[in-house]
Structure formats: C-alpha cells, structure tokens
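*Asks:* Before I ask anything, let me first share the structure, which is written out below as structure tokens.
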Amino acid sequence: MQLNSFFAEAVRTVVANWMAGKTLHQCVEALSDPVQFSEEQLPAVHEQLQANGVSLQQLKDLAWSEPYLHLQDVFPIAGLDDELPETPVAFLPVPDCRATAAARASAVLCLATIESSVVSYASENDGHLFVNLVVLAGQGQMVEKSKDAMRGHTDGVFFPIRGERDETYPNFAPSPDFVCLSGLRNPNATETTVMPLKEVLTGLTDEEIDELCQPQFTISPQKTFREGLALAMNWQSQRPPRIDNRRVLFRRAEGSWIRFSHSSVAAPILTAQGGEEPDIDAANPANSAYQSFIENCRKNESGVVVRPGDILLVNNRIGLHGRSEVGGEAGGTSRWLLRTYGLETGDLAAEQRYQGSSYKLYP
Ligand SMILES: [Fe+2]
C-alpha cells in the first residue's frame, strides 16, 4: 500500500472509533476545542500507523514534498447513520450532523498528523474554523465567483509566509501552510486544480525567477477577507487596501515557496503621469516574469476530484490551487466541500493570535 492509503486508513479508524457510542452533541462539543481533540486522538493515529511501519515524520515529509495529498474515503459518508441535509447556500453555518462532524474530525486529525494545527483568521467568515465551499445563493460578485472556474492562487495571499513578518502590519499572522478540503458532495466531479510550484518554475529562466524574488509586487486581500480586514484594521476607504513592494517567491532552506494570486497580485505599476490612469509597465522585466509565471501555471495544471469522504491537503507553499467551473444551481445536492486551514503555529507570537481562542489568528 501507498503511504497515502495508510494515512487515510489510520485517520478513518481513529475517527470511527472516536464517534462510536457518542451522540452528535458530544462530537460537536469535542470539536469546539480542536487543539485538545488533536492532543487526545493523535496518539491513536500514531499507533495505527506504527502497526503498518509508518511514522508521523514520514507523512509530514510527504506532505512537504508533494503539492497535495489526496486521501480517499477517510470518512465514508455512506456509513453515517443520518441523512446529509441539503447543500447549504452560504459559507456559514456548517450544519451539525454526523457526516459534517466526521468530515471536521478527519480534517483536524489529518492536519495534526503532519504536525499542523487547524487555524482560522478572524477577518474571514467571522473566524469560523470550517466553512462550506458551495455555490452561493443570491446575486453579486461573490455569488458569480462561487460558480466560476478559479485560477491558481495561494490562500491568505495578503498575509506573509510563515517565518516572516509584514513590514507594514507586523502583527499579521502568516498565511496557512495547508488548505484542507473535506468532500461531502461533488455530483459533477468538479475538479480542484493544483499547480506544483517546482514544475511551474522549471519553465522560467533564472532571470525571471530572480524578478519574482524581488520586493516589487502589489498585493490586495482576496474577496473573502476584505470586509473583515476593513473592520479589524479600521480601514475607512471603499477600495480594498493594497500593500506594495512585496515578494511573491521565496528561496528557503526547504526549497522555494510561493505567495500568489492571479487576481490579487499585480506586477509593478507605472506611476500615472499628467492625470492619466496608471498602467502596467510592459517593458519592466518584473512584468514579463509575472506573465511567464502565469503562462507556466496554466501549462502545469492538473485536476483532482474530491469525492464524498475524501480529504485533500493542498500545500499552500509549494503548490497553487484553483478549481474548474462548478456552474449549476445553489442548494439541493450541489457540490459541497468543507474547508479549513493548517499551520505550524509553534513560532507565533501572542499578538498574532486572538485571546480566548486556541485557533483564531490575527487579523
Ligand atoms: Fe483557495
């Protein structure tokens, strides 16, 4: 068996044992403190793995060498004794039922297994640890976006990578190391797309890679963070804030890490002259490196179908992710994934967290 299968099997067994004989209320209650839940259940995962000669370190190494780990049938939906409710039509709330409890417990344990803690950001979806990724009901930009294909990006792009502080907002916590998706429904087998950074960079020249490593890019917050950030930071303007002169590619001891979004990261912009609109400077080598990077993202895209019961751990440092078009109507039995984030939190300072929560990060 592959390491992936041992990983999925260990978490499946531990979650099933944990849920057996517990009421839904007891499960939900235990999940309200994911740190304690992980501490209590991780030894059992360890034991399951050991029985197959697999160590936690081996799985952690795997999660840091591959842009994603696809763990199949971690929480077999068919075996859960109550009906899954209709697919929600908003990010929140996540309905409490045995299937979503199993999906959440599995996500928390998968992340704990690779030494990552589940985290949320107070500025996104009110700091809820799990949100529904679904086709949203209603009208507006966000609703349209929930049906469309999504180009490659890393999540939490407005925040620094782990190990660095933002020069303007030093109390910002780092973006997540992992984006964790739990599959509840996916009737049309809509693909989550992943672009391995290593392969994307292979198509670039050394000069282009150097340009991406220079602090010269402008970053704005992704849509889901805008309202919460404006509130937390007391930003008055209607326009989303921007931070200039940031790097998007980082050479680390562990290898290269990326921070990128097609829609929220811009190449250097020419200063407006004589009242004209500012424009992208096409002759700037940073801009051609940016274009080349985008082109190579497109060329190196592969798809994964997150099926009911599956967990997908996307490495948010060494991979970019997106989605093919979802389409269709909201609700009913439409596509439904739960999302949470994972981060190694050992080096976080008190001011990068929210007091009174074991998982909510600032801002
Ligand atoms: Fe994302």
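*Asks:* What are the pairs, 6+ residues apart or on separate chains, where a residue within the stretch 76-101 that is charged (D, E, K, R) has its Cβ under 7 Å from a residue that is assigned to a loop (DSSP other than H, G, I, E, B)?
*Replies:* D82/C97; E86/G331; E86/G332; R98/L80; R98/D81; R98/D82
*Asks:* Any idea which residue in the stretch 133-159 is farthest from the chain's Cα centre (by Cα), counting only those that are within 14 Å of the ligand (Cβ to nearest atom) and polar (S, T, N, Q)?
*Replies:* Across the stretch 133-159, the extreme among qualifying residues is S146.
*Asks:* Here is a follow-up. For the condition within 23 Å of L348 (Cβ to Cβ) and under 19 Å from the mean Cα position of the chain (by Cα), what is the one hit in G163, G183? Write out each step before concluding.
*Replies:* Numbers: G183 fails: within 23 Å of L348 (Cβ to Cβ).
Just one listed residue meets the conditions, G163.
*Asks:* Sticking with this one: Test each condition in (1) out of contact with any Asp or Glu (no Cβ under 8 Å at 6 or more places or on another chain); (2) modelled with pLDDT of 95 or more for P76 and report the one that comes out false.
*Replies:* (2)
*Asks:* How many of the residues making up the stretch 59-74 are over 19 Å from D310 (Cβ atoms) and either touching a Leu at 6+ places or on another chain (Cβ under 9 Å) or part of a helix (DSSP H, G or I) (or both)? Reasoning before the result, please.
*Replies:* Let us first name the residues in the stretch 59-74 that are over 19 Å from D310 (Cβ atoms), namely 60-61, 64-65.
Retained after the next criterion (residues that are either touching a Leu at 6+ places or on another chain (Cβ under 9 Å) or part of a helix (DSSP H, G or I) (or both)): 60-61.
So the answer is 2.
*Asks:* Being aliphatic (A, V, I, L, M) and either buried (at least 18 other Cβ atoms within 10 Å of the Cβ) or at positive phi (or both) narrows it down to one of A137, A149, A173, so name that one. Give the derivation first.
*Replies:* Details: A137 fails: either buried (at least 18 other Cβ atoms within 10 Å of the Cβ) or at positive phi (or both); A149 fails: either buried (at least 18 other Cβ atoms within 10 Å of the Cβ) or at positive phi (or both).
On inspection, the qualifying residue turns out to be A173.
*Asks:* R162: under 30 Å from D96 (Cα atoms), open to solvent by 10 Å² or more (accessible area, probe 1.4 Å), modelled with pLDDT of 95 or more and of a type in the set (K, R), yes or no?
*Replies:* Numbers: under 30 Å from D96 (Cα atoms): no; open to solvent by 10 Å² or more (accessible area, probe 1.4 Å): yes; modelled with pLDDT of 95 or more: yes; of a type in the set (K, R): yes.
No; evaluated as a whole, the condition is false for this residue.
*Asks:* Separate question: Quick one: in the stretch 346-363, which of the residues that are of a type in the set (D, E, K, R) and over 25 Å from A90 (Cβ atoms) is least open to solvent (accessible area, probe 1.4 Å)?
*Replies:* Step one: filter the stretch 346-363 for residues of a type in the set (D, E, K, R), giving 347, 351, 353, 360.
Restricting the remaining residues to those that are over 25 Å from A90 (Cβ atoms) gives 347, 351, 353.
Details: D347: 147, E351: 88, R353: 73 Å².
Result: R353.
*Asks:* Take the residues of the stretch 335-352 that are assigned to a loop (DSSP other than H, G, I, E, B) and in contact with a strand residue (DSSP E or B) (Cβ under 8 Å, 6 or more places away or on another chain): which is farthest from R185 (Cα to Cα)? Walk me through how you get there before you give the answer.
*Replies:* Initially, the stretch 335-352 is screened for residues assigned to a loop (DSSP other than H, G, I, E, B), giving 335, 344-349.
With the extra rule that they be in contact with a strand residue (DSSP E or B) (Cβ under 8 Å, 6 or more places away or on another chain), the set shrinks to 335, 344-345, 348.
Numbers: R335: 5, E344: 29, T345: 31, L348: 35 Å.
Taking the candidates together, the pick is L348.
*Asks:* Answer yes or no as to whether E191 is surrounded by fewer than 24 Cβ atoms within 10 Å (Cβ to Cβ), among the charged types (D, E, K, R), within 26 Å of R298 (Cβ to Cβ) and at pLDDT 95 or above.
*Replies:* Numbers: surrounded by fewer than 24 Cβ atoms within 10 Å (Cβ to Cβ): yes; among the charged types (D, E, K, R): yes; within 26 Å of R298 (Cβ to Cβ): yes; at pLDDT 95 or above: yes.
Yes: the conditions hold for E191.
*Asks:* If you scan the stretch 117-134, which residues turn out to be within 18 Å of Y68 (Cα to Cα) and buried (at least 24 other Cβ atoms within 10 Å of the Cβ)?
*Replies:* Matches in the stretch 117-134: V118 only.
*Asks:* Could you please tell me which pairs satisfy a Cβ distance under 7 Å, a separation of 6+ or placement on different chains, a first residue in the stretch 210-227 that is under 20 Å from T168 (Cβ atoms), and a second residue that is open to solvent by 40 Å² or more (accessible area, probe 1.4 Å) and in a helix (DSSP H, G or I)?
*Replies:* Sorted first by the residue in the stretch 210-227, then by its partner, the list stays empty.
*Asks:* Residue by residue through the stretch 93-135, note down the ones that are under 16 Å from Q36 (Cβ atoms) and part of a strand (DSSP E or B).
*Replies:* S117, V118, V119
*Asks:* Just to be sure, is G138 part of a loop (DSSP other than H, G, I, E, B), of a type in the set (G, A, S) and modelled with pLDDT of 95 or more?
*Replies:* Details: part of a loop (DSSP other than H, G, I, E, B): yes; of a type in the set (G, A, S): yes; modelled with pLDDT of 95 or more: no.
Against the criterion (part of a loop (DSSP other than H, G, I, E, B), of a type in the set (G, A, S) and modelled with pLDDT of 95 or more), G138 does not qualify.
*Asks:* As an exercise: evaluate R298 against (1) surrounded by fewer than 18 Cβ atoms within 10 Å (Cβ to Cβ); (2) not hydroxyl-bearing (S, T, Y); (3) not in a helix (DSSP H, G or I) and give the number of the one condition it does not meet.
*Replies:* (3)
*Asks:* When you go through D148, D155 one by one, which is the residue that is closer than 21 Å to F91 by Cβ and at pLDDT 95 or above?
*Replies:* D155
*Asks:* If you don't mind, there's one more thing I want to ask. Within the stretch 230-265, track down each residue that is at pLDDT 95 or above, under 24 Å from G140 (Cα atoms) and hydrophobic (A, V, I, L, M, F, W, C).
*Replies:* V265
*Asks:* Determine whether the stretch 97-115 contains at least one residue that is of a type in the set (S, T, Y) and open to solvent by 10 Å² or more (accessible area, probe 1.4 Å). Please lay out each step first, then the result.
*Replies:* Initially, the stretch 97-115 is screened for residues of a type in the set (S, T, Y), giving 100, 106, 113.
After this cut, where a residue has to be open to solvent by 10 Å² or more (accessible area, probe 1.4 Å) as well, the list is none.
There is no residue in the stretch 97-115 that is of a type in the set (S, T, Y) and open to solvent by 10 Å² or more (accessible area, probe 1.4 Å).
*Asks:* Return the total of residues in the stretch 326-345 being away from the ligand (no atom under 13 Å from the Cβ) and farther than 18 Å from V89 by Cβ.
*Replies:* First pass over the stretch 326-345, keeping only residues away from the ligand (no atom under 13 Å from the Cβ): 326-336, 338, 342-345.
Filter once more, so that each one left must be farther than 18 Å from V89 by Cβ: 342-345.
Going through the stretch 326-345 one residue at a time, the tally reaches 4.
The values are calculated or read from the model by the stated rules, or taken from the named source; none is laboratory data. What you see is a predicted model, and the numbers here were worked out from it, not measured in a lab. Glycine gets a Cβ as well: all are built from the backbone with ideal geometry, and neighbour counts include every protein chain shown. Remember, those area values only see protein heavy atoms, side chains included, never the ligands or the DNA or RNA. Shrake-Rupley method; radii C 1.70, N 1.55, O 1.52, S 1.80 Å.
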